[in-house]
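Worksheet for the structure shown next.
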Amino acid sequence: MTDITPPMLDRANLNLVIDNLKLGIICHTPDRIITVFNKEAEKITGYLKEEVIGNDCHLVFQAPFCGGKCSFCDDTPQFPFGVKEYPLTIITKDGSTRQIEMTVSAIINHDDVFKGVLASFRDVTESFNLSLKAENLSNFSGIIGKHNSMQDIFRQIRDVALYNYPVHVSGDTGTGKERVACAIHDISAYGSGAFVPINCGALPEGIVESELFGHVKGAFSGAIKERKGRFELADKGTLFLDEVAELPLQTQVKLLRFLQEGTFEKVGGEKRVCVDVRIISASNKNLKDEVKAGKFREDLFYRLNVIPIHLPPLRQRKSDIPLLAAHFLKEAEQETPHAIPQLASESLDFMLDYHWPGNVRELKNVIQFSVVKSRGSEIRPSDLPMEITQGKDIHPHFSDRPAPQDIIPAKGRLTIDSVKDAIKKTGGNKSKAARVLGVGRATLYRFLTRNKEIKNYVDQF
């Protein structure tokens, strides 16, 4: 009888197979020594196989290839963990940046011994750029939004990450300023270092300098040993100064000196300390107004506000509410073994009418509250917090449905003329206009977001 068992692949044939994959492949040992590096990995990273095989992954790429997501930066690797998947921005050999999608898994032998790591990745830079160009990107480094204002912010994050210029993020409470700072950190050259946040408004004035810059032993009562401040802890990484407008004027002077010279002195110390830190600041106050009021130094304002990024309040991008709600429901699904209810269309209507003073953070809280309160397969209006439905009919839209002769049938597709007619007929009321058109409010909001001509028309009412 003929033996039809296929022959074992020898190493040369195995390498040939790996080199013909359309995925970049890197394998390394538990101590980070690279053993496999295929042709697609060469193409994406710009490094040649001869430059990397047999060398430490961190030394080859001059930093952890996975940036802050690396599991091998500490002496005790975080393995085995199964499979990890995440987006990543890398810096190639020629200094350019590429957006990749990374999948990392542990290599376990037959005796359940951890032998190394297999990382596969694909270059999604072009599709990423095309999505930005088409304003069709809905999730960027954990930030959710398809509104044109958010697409602009995605571009700013991508562009500013390439440079070590100070960034100031402004916006109302709950708009996601720290999330933007994290995104810039993750995709920048400083992503391999620590991301160190500090809320300047939560620090008592007497200890704020010690928290930021550290202190030497005996600097003040209770300073029994030398202590590192946030600047030292963020060395080679990013320091996020949240609510920076709350810094005392005396501390502002010391921060300004660091931004000018790159060095500082610990409280009670005389030795100059030098660190390489990226500074991102944020505030829900208008820093220009704080400068005029004499509460914030003008020279520090110009040092911090080199790259300004402003986050719009949720009420100005309501077309993102369905997207955000779906995202938070998916998060809830991952956090519990129980079935998660879906959001009823009537509940979404209430949410689209609400003004959201707490912005995205409040929306997340509303979803979590409603998931817990709901007893069925859907989140009904009665499951929403009282402030969302207060003063409104819990069964909306029955008393004020348009008469049949007033309905402008959309036939599944809105046009600028039909929307203009509906807006004119309802005096600029978008909720009523959606009912006149026979579509959901989310559909109308998306249409208005995509068509600036009609949005400007609506704004006249």
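Any read-out appearing in this document is the output of simple, stated calculations on the displayed coordinates, not a laboratory observation. Being a predicted model, the structure only gives us computed values, none of them experimental. Heads up, the Cβs are rebuilt from the backbone with ideal geometry, glycines too, and the neighbour counts pull from every protein chain shown.
Cα to Cα, under 29 Å, and not fewer than 8 places away if on the same chain: which lysines meet these conditions relative to LYS115?
Reachable lysines: LYS22, LYS39, LYS43, LYS49, LYS69, LYS84, LYS93.
Take the alpha carbon atoms of region 142-161, find their center, do the same for region 186-234, and report the distance between the two centers in whole angstrom.
One Cα centre to the other: 30 Å.
Would you mind ranking SER170, SER149 by Cβ crowding within 10 Å, fewest neighbours first?
On the way: SER170 20, SER149 14.
Least crowded to most crowded, the residues run SER149, SER170.
What is the local net charge at PRO204, summed over the other residues whose Cβ is closer than 12 Å to its Cβ (Lys, Arg +1; Asp, Glu -1)? Each step should come with its number before you reach the end.
Working: positive: none; negative: GLU205, GLU209, GLU211, GLU246.
Computed value for this residue: -4.
With a cut-off of 8 Å between alpha carbons and a minimum separation of six or more residues, what is the relative contact order of the chain in percent?
Numbers: 741 pairs, mean separation 50.1, N = 461.
Answer for the chain is 11 percent.
Order 305-315, 196-206 from most to least packed using the mean count of other Cβ atoms within 10 Å. Show your work: numbers first, answer last.
On the way: 305-315: 17.4, 196-206: 14.9.
The peptides rank, most packed first, as 305-315, 196-206.
If the cut-off is 30 Å between C-alpha atoms, which lysines fall inside it for LYS285, apart from same-chain ones fewer than 8 positions away?
LYS146, LYS177, LYS228, LYS236, LYS254, LYS266, LYS295, LYS318, LYS364, LYS452, LYS455
May I ask you to derive the relative contact order of region 172-240, considering only C-alpha pairs under 8 Å and at least 6 residues apart, and to give it as an integer percent? Let's see the in-between values first.
On the way: 78 pairs, mean separation 27.9, N = 69.
Over region 172-240, the number comes to 40 percent.
Could you order peptides 286-294, 50-58, 241-249 by the average number of other Cβ atoms within 10 Å of their residues, highest first? Mind dumping the intermediate values first?
On the way: 286-294: 13.9, 50-58: 15.7, 241-249: 20.6.
The peptides rank, most packed first, as 241-249, 50-58, 286-294.
How far, in nm, would the chain grow between TYR165 and ASP31 when pulled straight, counting 0.36 nm per residue and subtracting the alpha carbon separation? Could the numbers behind the result be given before it?
Values: separation 134, 0.36 × 134 = 48.24 nm, distance 3.45 nm.
Full extension from TYR165 to ASP31 adds 44.8 nm.
With the dipole of the chain worked out from charges on the C-beta (+1 for Lys and Arg, -1 for Asp and Glu) around the Cα centre, which of ILE53, TYR302, HIS338 lies farthest toward the positive end?
So the residue furthest toward the plus end is TYR302.
Restricting attention to the alpha-carbon atoms of the chain, what are Rg (one decimal) and Dmax (integer), both in Å?
So, for the chain, Rg and Dmax equal 27.1, 94 Å respectively.
Just name one of THR173, LEU444, GLY218: the one whose Cα is farthest towards the positive end of the charge dipole of the chain (beta-carbon charges, Lys/Arg +1, Asp/Glu -1).
LEU444
Distances longer than 13 Å among the Cα atoms of region 315-389: what percent of all pairs is that? All intermediate terms of the calculation are to be shown ahead of the outcome.
Values: 1716 of 2775 pairs.
Summing the P(r) of region 315-389 above 13 Å gives 62 percent of all pairs.
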